[in-house]
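Working notes, beginning with the structure itself.
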Amino acid sequence: MTKQNTEQLEPTLSNPFQKKQNKQFTVPGAIVGEPGLYEKSLEAGWNLQQRPHVAAGTKAIMRQHQKNRMTIWERIQCLTDGPFTVFYQNWGPNLDGASLVTGLIQVNGRDVAVYGHDFTVRAGSMDATNGKKLARLFELAAKRKIPVVGLNDSAGAYIPAGVGGLDGYADAFTALRKISGVVPSIMCMFGFNAGGGSYLPRQGSFLIQPNETFFGLTGPGVVKSVLGEDVTPDELGGPKVHSQSGVTDFVVPDEVAALRKVRELLNYLPSHAGELAPLQASSDPLSRKTWDIDILLKQAFNSPTGFNTPIDISILIQQLCDHGDFLEIQPERARNTITALGRMGGNVVGFVANNSAVASGQIDVDAAYKNARFIRFCNLYNIPIIFLEDTTGFLPGREQESRGIVQAGRAMLDAIVDLRTPRFLVLVRNAFGGAYASYNNYPTGADFVVALPTTRVAVMGPAGVEYVYKDELRKIRQSAKSKVVQEAEAQRAAGMSENEALETATVLVNEWVKAEEQLLAQRYERELMNPNEALSLGSISQIVMPSDLRQVLGEQMAFCLRHYTPEPMGGVQREFH
């Protein structure tokens, strides 16, 4: 019996037909001699340079690919325009620090500081060396005024490192907080992140999460052992959970889509808080008529439901933007409000818009916080904002009060009052009560306020009829009883029985009451729920036809930006409360 070869074949990613070329450490044109100590030192240095690229080994790389994940080097190559520079190549004999890569790349021709966890080394975990390295990268980004991109794929702190892993995260937390409001940062969540691996990226300006990924303070196993709850990773910290809570700003299908979203988002962002977002010349003239807004409003308000018909405000945003292109922020959360970045005349503009297609555009807790956070970001990074108002007010009720609607509304109002960039308000339709008073009008600091002819501005919506015409309504309702008696007598005289006469009289009088109330409601809309009073008091600057909206706003925005000096905030300001 022959002896079997029991050696297991090792997988490899190398091309067996490619001829291996040894690195030569020679100077072109110099006489080649026997290598000495100098050449050996160069070779050792070269091996150190290449070590992070080969530290994972073929098996670890293949495991990463089997999970439909790229390695950190593949992610960087997918993101960058070309070659990239690796910074702070520190790792010890036990690969201390090797699980985190930091460097400089170019994205769309702009310098960007990038870091990424190498999950193939220690599961991308953090030790003390990593934290200091990451903190230095953040400090470099702030000093050189360039954006930060994080490619997160980490199991958290490296447990064998003891408190050093926690110190590493503390270093990174502190450094990232200090550059908040100085340079923008975009974080991608890849793989399975836990603990500090979740805390750190949420400090960034924007967070992108692909499907089939997880991040959270603890994993399902810890939840099971501590609370006895059976929960899947997707139910605990998947995209559906985080996109609704506002922790995640964008949900994308996969890693490539996440990296493309980074490139798309960077197009709208300045490199730092002391400049405007990049101008992008457009062939779409500001004078373009926005006829589609006309068509939308005509079809909606001429329908049987009239001025109560919901409309999708994103259509107005699309019509206002160059070539209809805009990027919605947190598109899956609080759909009753829309926050987006777009361009008008090549200038980047933020949009905050009530969306009556969802919950009548009422402002609830989630919508208020969503608006507040976006407004604060635009304020810090010199992005002008156009507010599109169409809301019946703040959402009332016990559930909202218990969640702190007063505090949430206050956060939104504070962000609006503090806003220093050029800011406009367009009254599209409904603007009632406290929602109008706190939604970027002239008293709160707006630079330009206009109204469409469809505007209805009032202290209260249709319910205000009960207060404005309470005497008339009381007379109508009080006279109903006597009218029922008179009408019943008339019906009996016509030959009806007692019961039939009373029933018929009641129906006729109720119809009369409704008709009279309807006349008062129409009078209320005619006298108070319109832009006339607001125009006469100077609360709005002008009435704008829907087809002229892009031209009017675009020309005013260009004027304001010509006379706006982009600069950092005067005091310490951060992107989050």
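The values are calculated or read from the model by the stated rules, or taken from the named source; none is laboratory data. Quick caveat: nothing in here was measured; it's all calculated off a predicted structure. No Cβ is skipped: glycine too gets one built from the backbone with ideal geometry, and neighbour counts run over all protein chains shown. Quick note on the areas: whole protein, heavy atoms, side chains included, nothing else; ligands and nucleic acids left out. Shrake-Rupley method; radii C 1.70, N 1.55, O 1.52, S 1.80 Å.
For the condition open to solvent by 60 Å² or more (accessible area, probe 1.4 Å) and either at pLDDT below 80 or in contact with a Pro (Cβ under 7 Å, 6 or more places away or on another chain) (or both), what is the one hit in Glu527, Glu555? Write out each step before concluding.
On the way: Glu555 fails: either at pLDDT below 80 or in contact with a Pro (Cβ under 7 Å, 6 or more places away or on another chain) (or both).
The unique qualifying residue is Glu527.
Can you tell which of Ile540, Ile476 is part of a loop (DSSP other than H, G, I, E, B), within 56 Å of the chain's Cα centre (by Cα) and either aromatic (Phe, Trp, Tyr) or modelled with pLDDT of 80 or more (or both)? Break it down stepwise before answering.
On the way: Ile476 fails: part of a loop (DSSP other than H, G, I, E, B).
Going through Ile540, Ile476 in turn, the sole match is Ile540.
So is Arg110 open to solvent by 10 Å² or more (accessible area, probe 1.4 Å) and either aliphatic (A, V, I, L, M) or under 22 Å from Gly196 (Cα atoms) (or both) or not? Lay out the reasoning, then the answer.
Working: open to solvent by 10 Å² or more (accessible area, probe 1.4 Å): yes; either aliphatic (A, V, I, L, M) or under 22 Å from Gly196 (Cα atoms) (or both): no.
In short, no.
Looking only at residues in the stretch 67-82 that are open to solvent by 30 Å² or more (accessible area, probe 1.4 Å) and not in a loop (DSSP other than H, G, I, E, B), the one that is nearest to Phe192 (Cα to Cα) is Glu74. Checked against (1) in a loop (DSSP other than H, G, I, E, B); (2) at negative phi; (3) surrounded by fewer than 21 Cβ atoms within 10 Å (Cβ to Cβ), Gln400 passes all but a single condition, namely (1).
Selection of the stretch 289-328 for residues being of a type in the set (Lys, Arg) and either free of Cβ contacts under 8 Å to residues at least 24 places away in the same chain or out of contact with any Asp or Glu (no Cβ under 9 Å at 6 or more places or on another chain) (or both) yields only Lys298.
Quickly run through the stretch 156-210 and pick out the residues that are more than 19 Å from the chain's Cα centre (by Cα), surrounded by fewer than 23 Cβ atoms within 10 Å (Cβ to Cβ) and among the polar types (S, T, N, Q). Of everything in the stretch 156-210, just one residue is more than 19 Å from the chain's Cα centre (by Cα), surrounded by fewer than 23 Cβ atoms within 10 Å (Cβ to Cβ) and among the polar types (S, T, N, Q), namely Thr174.
Scan Glu399, Glu389 and give me the residue that is under 25 Å from Tyr268 (Cβ atoms) and over 15 Å from the mean Cα position of the chain (by Cα). Before the answer, list the steps.
Working: Glu399 fails: under 25 Å from Tyr268 (Cβ atoms).
Exactly one of Glu399, Glu389 is under 25 Å from Tyr268 (Cβ atoms) and over 15 Å from the mean Cα position of the chain (by Cα), namely Glu389.
Would a scan of the stretch 433-449 turn up a residue that is at pLDDT 80 or above, surrounded by fewer than 21 Cβ atoms within 10 Å (Cβ to Cβ), β-branched (Val, Ile, Thr) and within 30 Å of Tyr564 (Cβ to Cβ)? The answer is yes; a qualifying residue exists.
Taking the stretch 40-66 as the range and being at pLDDT below 85, farther than 30 Å from Thr26 by Cβ and open to solvent by 70 Å² or more (accessible area, probe 1.4 Å) as the test, no residue passes. Taking residues in the stretch 217-236 that are touching a residue at least 24 places away in the same chain (Cβ under 8 Å), and partners anywhere that are surrounded by 10 or more Cβ atoms within 10 Å (Cβ to Cβ) and assigned to a loop (DSSP other than H, G, I, E, B), the pairs with Cβ atoms closer than 8 Å and at least 6 places apart or on different chains are Thr218/Gly195; Pro233/Gly219.
Checked against (1) open to solvent by 70 Å² or more (accessible area, probe 1.4 Å); (2) of a type in the set (A, V, I, L, M, F, W, C); (3) not in a helix (DSSP H, G or I), Leu286 meets all criteria but (1).
Among the residues in the stretch 270-283, are any in a helix (DSSP H, G or I) and in contact (Cβ under 8 Å) with a residue 40 or more places away in the chain? Checked the stretch 270-283: no residue is in a helix (DSSP H, G or I) and in contact (Cβ under 8 Å) with a residue 40 or more places away in the chain.
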